[in-house]
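Input: a single structure, listed below in C-alpha cells.
The values are calculated or read from the model by the stated rules, or taken from the named source; none is laboratory data. None of these values were measured; they are calculated from a predicted model. Note that each Cβ is placed from the backbone with ideal geometry, even for glycine, and that neighbours are counted across all protein chains shown. Note: areas computed on protein heavy atoms with side chains; ligands, DNA, RNA excluded. Shrake-Rupley method; radii C 1.70, N 1.55, O 1.52, S 1.80 Å.
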Amino acid sequence: MRLILPARALGAALIALTIGAAATKGRADVKDFEFRLVNQTAKKGPGAVIDVRLIRKSTGKPVPDAVIFATRLDMSPEGMPTMTTPIEPLPSTEPGVYRFKTDFSMEGSWALSLSAKVQGETGTVENKLVIKAVP
Ligand SMILES: [Cu+2]
C-alpha cells in the first residue's frame, strides 16, 4: 500500500512542526531565567529596600535590561494572602540587579511575585520569592 500525501497537506504539516518547535524553544528559554534575592531578610517598616538578581541559569550570569511589569508583595507565606503592601521600582545600582522600595508593615515572611520580559526572549519570566521582614 502506498501513502500519498498532497503537497498542501505536507506544507501545512511542516508549518505546524515549525511553530511547535518555536513554541517549545520559547518555553525552554524562559525557564532558563530566575530571580534570586540578594538578601533573604529586610528591615520591617517604611523605606525597606529589596534587591533581586535576574540570572540566566545555564551560564549563571546576571541579566540586565529586563522589563519588569508586574510586582506584588503579600503575606501569603504567613496565611495572610490579602495583606499586601505597595512596591515600587528604584534605579538599579548593578547590572542584572533590580531594586525595589517597599514598606513592610508587619514582621514575618512576605511573598514577592515578579513578572519580567527578557530582551530577545519570548514568554514571561515569573517567579515568587519569599523574603522575611525582621525588626
Ligand atoms: Cu500580616
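What the table shows:
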item: Tally of residues being away from the ligand (no atom under 16 Å from the Cβ) and touching a strand residue (DSSP E or B) at 6+ places or on another chain (Cβ under 7 Å) across the range 92-106; result: 9
item: Pick from the range 107-135, criterion without any contact (Cβ under 8 Å) to a residue 40 or more places away in the chain and more than 16 Å from the ligand (Cβ to nearest atom), ranking: farthest from Arg56 (Cα to Cα); result: Lys128
item: Selection count, the range 54-80, where residues are open to solvent by less than 50 Å² (accessible area, probe 1.4 Å) and within 10 Å of the ligand (Cβ to nearest atom); result: 3
item: Met83 being within 16 Å of the ligand (Cβ to nearest atom), in a loop (DSSP other than H, G, I, E, B) and surrounded by 12 or more Cβ atoms within 10 Å (Cβ to Cβ); result: no
item: Failed criterion for Ser58 (all others in (1) touching a strand residue (DSSP E or B) at 6+ places or on another chain (Cβ under 7 Å); (2) under 15 Å from Val30 (Cβ atoms) hold); result: (1)
item: Among residues of the range 86-135, those that are assigned to a strand (DSSP E or B), small (Gly, Ala, Ser) and open to solvent by 60 Å² or more (accessible area, probe 1.4 Å), counted; result: 0
item: Any chance Pro6 is farther than 16 Å from Lys128 by Cα, open to solvent by 60 Å² or more (accessible area, probe 1.4 Å) and at pLDDT below 95; result: yes
item: Where Val49 falls short, out of the listed (1) away from the ligand (no atom under 16 Å from the Cβ); (2) farther than 21 Å from Glu94 by Cα; (3) in a strand (DSSP E or B); result: (2)
